[in-house]
Amino acid sequence: MEVLPVDLPNLRTSSSHSQQGIASRISQAHHLSVSMQRGSEQLLTEYVLRQGIPFGNADFNPHVPDFPGLPSPALSQEAWKDLSDAERLQQDVMAFSNLPAFLSAVKRQQEMLNSLASELHRQLETAGMQCRGMASNLKSIMTAMGLMPEPAVPVEPPNPVENFSKKLVGYYVCQLYREWANRSEEDLALLATKYPL
Amino acid sequence: THDLQNVLCSWTTASATDLGLSYKFCYGLRYSSPVCEKTQDNRAQMTLNSFGTTFVGIETFNSSANLISKNTFRLREENISYVPITPQIRNLTANSSARTLNLEWNYGGLLVPFDMDATWQIRILRKDPIETVALETYDSKLPGNTATILSWSWTSDIPLECTTHYAQIRCYLHLEVFSGTKTWSEWSPLAKMPGQDTGSLIKMFPVDEVAQVGTNLTFCCVWKRGQSFKKIGYSNYSAALSPPVRLSNWSAVIYVQNANKSIEAGDNAWCEVDPGDFTGTTTFVGYPPDTPQNLSCETSDFKEITCEWKAGRPTNLYSAERRTNYTLFESISGKNVTYNGKENPEYYRCNFLVLNNQRIYNFTIHGSNPLGQSESSLLININYRVHPQTPTALTVINNSPTHITLAWQLSGNLMPIMLQCLVRINSGGAPEDLNVQLNGTENLTYSVSIDKLRPYTKYVFQVRCSAIEPFFWKWSRWSENKHHTTLEAP
């Protein structure tokens, strides 16, 4: 068996080079997640404002259900720590790959229900774009780390008939968006400690 | 009697215990042989005799068949009651969105050879325990000798889904020919319209209602078996809310007085139940369309008539399902055009094609939304409603030190009318206006010669046009400025 000479310094430089590449992607994604955190808060506030009471009431916090392709990111601290980097990234990729479909469904419904709420429509549009950006960032991180992102599973956002149900589903989607923005920020912050710039 | 033919008689016996008693019931006219029958019951049937007296004899026998009493009665028609046959509800249907229960019943009872007035009483019941919520009277005329199907509808104050509703009916026939006492029939059996309060779902009603400002609203909540009702809320109302009224084990209702305008996305009513479940519904509170205002129709080119109007008071109802839909009707041609422009513009506009050989147009703009409709009309002769477009493409031809020809374009075939055009000539001092009359043309081009100009002088020309009197309607806008310097004097 022939042993190929390996030029260690190059290897070290090339692996440190890819390490740097991963680190900068993670940092970039992390910055986006911080911005999405703010954006998701504003979106939820604007959304609630436009739906009328009880949305926005202090005691109004219905349980947010999971949707196929968009589960709740809530995990216990232990369970979250036990996740591997790949699992964390993969869960984030799935969520942010599917969120745009949900957000644009909510936008369509709100354009009918709240035709004058242009700021809300704009924020929903922006959120969808940022999710698409985040998904591609996360995929590029995974690829740089030698991980293979799983193919996105097509999702069918709910399309209720009744207006209160539309409001409620939109509320759930905005909540899930906020939760995933917070979750991705934590995931990327953790990853950034492993891949410092 | 139920049918003016047979009389049902019943009687009581003085003896405390009437076990084993039997009776011999005989009836007949004064000089006719009686008709008798034996019976264990204390009731029997005989033929109605409308004229004269019927003699009735009742013999009572004990269980050993010993005669223990004998009674005779003299019956005239006046002593007999007429009790109509109990009507039967044959169909009970509901129109949930209109909240109406529709009853259909047939009257196949007494078929008499003449028309007869009838009064019906309809009772609506609901709740658990059941109670009457409406008792309505309805008069009708029953045609002689005809089995009749009658119908009647009732509008509920609460959504029909909230709880099961029952209907019952009875009748009173104004039987002039019968001299005995007339009474109400029995109540019909209950006809049932099931509600959604079966304990199998949690939901609120009505769903997505559109209501008028100032009206009273009703919301009910039905919940599942095993859940317990906590509260129903509506928007930011607390004072105007009635305390919830229980309708049944799994249904409660609240009443909202004098509803305010809702937000664009509709105000919500919501219902909380334990353990930790809730549901809701949205209501859109607004106005019916106001009478369209400032309806005005004009043409600029004899190709299209443009009608515009203002909506008047905003309806506060939006989106395709609730906003006001406008249709422009023209009654002479029978044609119509639907408005499909922007929602809630300051001015609505619709274009209507000019029709060959039609000068007079009778327009009606009709607006409708879920709360109602309104319209405005306008009769015009389009010759009197020409509003030319802005003159364009001003050009100077035949240029000389003191004279030019100014040409411009006006779109549209204005052949049918005479135009007047105002040429504003400005050379720095006070502008001078030249009013010229021109025949309307097909080929858009117009021109006028202007003389007495000063050589080598800067001029600014502007033009606007309109139909001449008596057809004047509106001036066009002023054209763009046309800058021109006359030639130097030779």
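The values are calculated or read from the model by the stated rules, or taken from the named source; none is laboratory data. Being a predicted model, the structure only gives us computed values, none of them experimental. When we count neighbours, we look across all protein chains shown, and the Cβ atoms used for this are built from the backbone with ideal geometry, even at glycine. With ligands, DNA and RNA removed, areas are computed over all heavy atoms of the protein, side chains included. Shrake-Rupley method; radii C 1.70, N 1.55, O 1.52, S 1.80 Å.
Summary table
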| item | result |
| --- | --- |
| The one condition in (1) more than 18 Å from A:MET112 (Cβ to Cβ); (2) within 14 Å of chain A (Cβ to nearest Cβ); (3) not polar (S, T, N, Q) that B:ASP301 fails to fulfil | (2) |
| Subset of the stretch B:32-46 [assigned to a strand (DSSP E or B) and open to solvent by less than 80 Å² (accessible area, probe 1.4 Å)] | B:VAL35, B:CYS36, B:GLU37, B:THR39, B:ALA44, B:MET46 |
| Residue among B:ILE89, B:ILE68, B:ILE130 that alone is in contact with a Ser or Thr (Cβ under 6 Å, 6 or more places away or on another chain) and closer than 30 Å to B:SER248 by Cα | B:ILE89 |
| Cross-chain or 6+ apart pairs with Cβ under 8 Å, the stretch B:335-363 first and β-branched (Val, Ile, Thr), then part of a loop (DSSP other than H, G, I, E, B) | B:VAL354/B:PHE302; B:VAL354/B:LYS303; B:ILE360/B:ILE332 |
| Condition check for B:PRO289: surrounded by fewer than 17 Cβ atoms within 10 Å (Cβ to Cβ) and of a type outside the set (Val, Ile, Thr) | no |
| Identity of the residue in the stretch A:165-187, among the polar types (S, T, N, Q) and away from every other protein chain (no Cβ under 14 Å), that ends up most open to solvent (accessible area, probe 1.4 Å) | A:ASN182 |
| Checklist (1) within 28 Å of B:GLY266 (Cα to Cα); (2) assigned to a loop (DSSP other than H, G, I, E, B); (3) of a type in the set (A, V, I, L, M) applied to B:LEU355, failing item | (1) |
| In the stretch B:403-421, residue nearest to B:LEU438 (Cα to Cα) [restricted to those that are in a strand (DSSP E or B) and open to solvent by less than 20 Å² (accessible area, probe 1.4 Å)] | B:LEU419 |
| In the stretch B:449-490, the residues that are within 14 Å of B:VAL396 (Cβ to Cβ) and crowded, with 16+ Cβ neighbours inside 10 Å | B:ILE450, B:LEU453, B:TYR459, B:PHE461, B:GLN462, B:VAL463, B:SER479, B:LYS482, B:HIS484, B:THR486 |
| Among residues of the stretch B:244-279, those that are open to solvent by less than 20 Å² (accessible area, probe 1.4 Å) and on the phi > 0 side of the Ramachandran plot, counted | 1 |
| Candidates B:LEU29, B:LEU67, B:LEU8 - the one that is open to solvent by 60 Å² or more (accessible area, probe 1.4 Å), at negative phi and in contact with a His (Cβ under 8 Å, 6 or more places away or on another chain) | B:LEU8 |
| Lone qualifier among B:MET193, B:MET204 - being touching a residue at least 12 places away in the same chain (Cβ under 8 Å), over 20 Å from A:PHE164 (Cβ atoms), open to solvent by less than 50 Å² (accessible area, probe 1.4 Å) and touching a Phe, Trp or Tyr at 6+ places or on another chain (Cβ under 8 Å) | B:MET193 |
